[in-house]
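This report concerns only the one structure given below.
The values are calculated or read from the model by the stated rules, or taken from the named source; none is laboratory data. The structure displayed is predicted, hence computed values, not measured ones. Neighbour counts run over all protein chains shown; Cβ positions are idealised from the backbone, glycine included. Side chains are part of the model used for accessible areas, which takes the heavy atoms of the whole protein and leaves out ligands, DNA and RNA. Shrake-Rupley method; radii C 1.70, N 1.55, O 1.52, S 1.80 Å.
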Amino acid sequence: MNDLKTRGTYFKLRVLDDEQAPVCHYDGREVINLASNNYLGLCNHPKLREAALAATVKYGVGSGAVRTIAGTMRIHMELEEKIAAFKGVEACVVFQSGFAANAGTVSSILGKEDFILSDELNHASIIDGARLSRAKIKVFRHKDVGHAEELLKELADEPGRKLVITDGVFSMDGDIGPVGELSDLCERYGAIMMVDDAHASGVLGRNGRGSVDHFGATAKVDVQVGTLSKAIGALGGYVCGTKDLIEFLYHRARPFLFSTSHPPSVAATCIAAFDLLEAEPERIERLWANTAYFKEQLASVGFDVGGVSTPKSETPITPIILGDGRKTMEFSKALFEAGVMATGIAFPTVPEGKARIRTIMTSEHTRPQIDRALEVIAGTAKGIGIL
Ligand SMILES: *Cc1c(COP(=O)(O)O)cnc(C)c1O
């Protein structure tokens, strides 16, 4: 802790006093919120609230057991069927979180004789899953399909399974993984292809079906992970694939076997959210229009929004790269005091020397809110000498 304080990266949790919304109160201060993953404003959509309340009245607040013992409610099955149909796959299993979905899946489908080929910027839950599996971990350079192929060639004579895994959208840089090319590679080399679509669920692809749909690669991706905690607005993670894969996970994925299932309200909320993705695609259009405008304006005042020393964002996640951890935390604090919530992210969440303010646009930010945020960001940056 002392070390963190010396480096200037020690933090206190900011506490939200009201709802997750474009303008809300943290620690008693009104701010324009550029820090949430509430891409489509579903965290507090009236239809989702109603669904949660109705399920609570009808089925109570808890499921009472893990899925495999007595805690599989009909509404859990309905949600899994709904997601499988939405994604155009045979089957789906829902986990308590995206973290549990990744860690539980990777660790159960691989063993110590197997290999995992993982992008260097993949999410922590994939890394933990890989370690728990005891498979041999090979890391390829960020989005470098050629490097992944070299590694697959080197392993050609090894008897173990090979799993290639990438994030669909990388959470700290906002760039899109080469899902199409990697899945072609997997076909050629007989490897298993897995995609973690946490930040692409509800954001990319037709009606938010994700990066795999965006690349037209549904038939080639064996394991699709998504989250229910970000654009979907509630909580949870899911895995989509063949019936065999899902049945296997029912029998072997440890978070599924050893941790209690969602309250019925969460399942009901998520079902309502998928209905909304189908019924209100204009939310996703607004998200992308806001994103384009915000990025353009940020770059035009001279910020490094990626693409120089870091990957270039292609999604509603737009980092403002400062490099230095202490400066980043100071900038974030000054922004907060000026009325903009944009979290500073430093080592170990991102590599040393790549500290940044991460901003996330949503469909619900209005043009005046975005303009005001831009004004505050530029003014504050000039005030502390970083622009
Ligand atoms: C957020 C995130 C997760 C975890 O999802 P939760 O549902 O919040 O547990 C997994 N992978 C990536 C890439 C993420 O950004």
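At a glance:
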read-out	value
Of the GluC sites (Glu not before Pro) in the range 1-106, those whose Cβ has at most 13 other Cβ within 10 Å and which sit in DSSP loop	Glu19, Glu90
Peptide ranges 31-44, 371-384, 157-170 listed from the most packed, as the mean C-beta count within 10 angstrom indicates	31-44, 157-170, 371-384
Residues of type lysines that Lys136 reaches as a straight line, Cα spacing below 19 Å, ignoring anything fewer than 8 places off in the same chain	Lys112, Lys153, Lys162
Virtual spin-label span in nm between Asp128 and Met1, 7 Å along Cα→Cβ	2.2
Quotient of Cα Rg and 2.2 N^0.38 Å for the chain, N being how many residues it contains	0.99
In order through the range 232-246: 3J(HN,Hα) via Karplus (6.51 cos²θ - 1.76 cosθ + 1.60), integer Hz, x for Gly, Pro	5, x, 10, 7, x, x, 9, 10, 10, x, 6, 4, 4, 4, 5
Total formal charge among the other residues, if their Cβ is under 9 angstrom from that of Gly160, Lys/Arg +1 and Asp/Glu -1	+1
For peptides 321-334, 211-224, sequence by mean Cβ density within 10 Å, most packed first	211-224, 321-334
Surface share of carbon and sulfur [accessible, 1.4 angstrom probe, percent] for the chain	53
Net charge over other residues, Cβ less than 12 angstrom from the Cβ of Tyr10 (K, R count +1; D, E count -1)	+4
For the range 303-330 and the range 1-41, distance of Cα centres in Å	18
Calculated from backbone phi, Karplus (6.51, -1.76, 1.60) coupling profile of the range 291-299 in Hz, x at Gly/Pro	4, 4, 5, 4, 4, 4, 5, 4, 5
For the range 46-279, share of DSSP beta bridges that run antiparallel, in % to the nearest 5	40
Listed peptides 226-234, 183-191 by packing density, highest first (mean Cβ within 10 Å)	226-234, 183-191
Value of [θ]222 nm, deg cm²/dmol, for the chain, DSSP H segments ≥ 4, -39500 (n - 2.57) each, nearest 500	-13000 deg cm²/dmol
Heavy-atom surface of the chain, accessible at 1.4 Å and reported per residue (Å²)	43
Long-range HN-HN contacts of Phe95 with modeled amide H, under 5 Å	Gly237, Tyr238, Val239
Arg14 versus Lys333: modelled label distance in nm, points set 7 Å from Cα along the beta carbon direction	1.4
Eligible lysines near Lys327 by straight Cα distance, threshold 26 Å, same-chain separation 8 or greater	Lys5, Lys12, Lys295, Lys312, Lys354, Lys382
The range 217-271 and the range 85-120: distance between their alpha carbon centers, rounded to Å	9
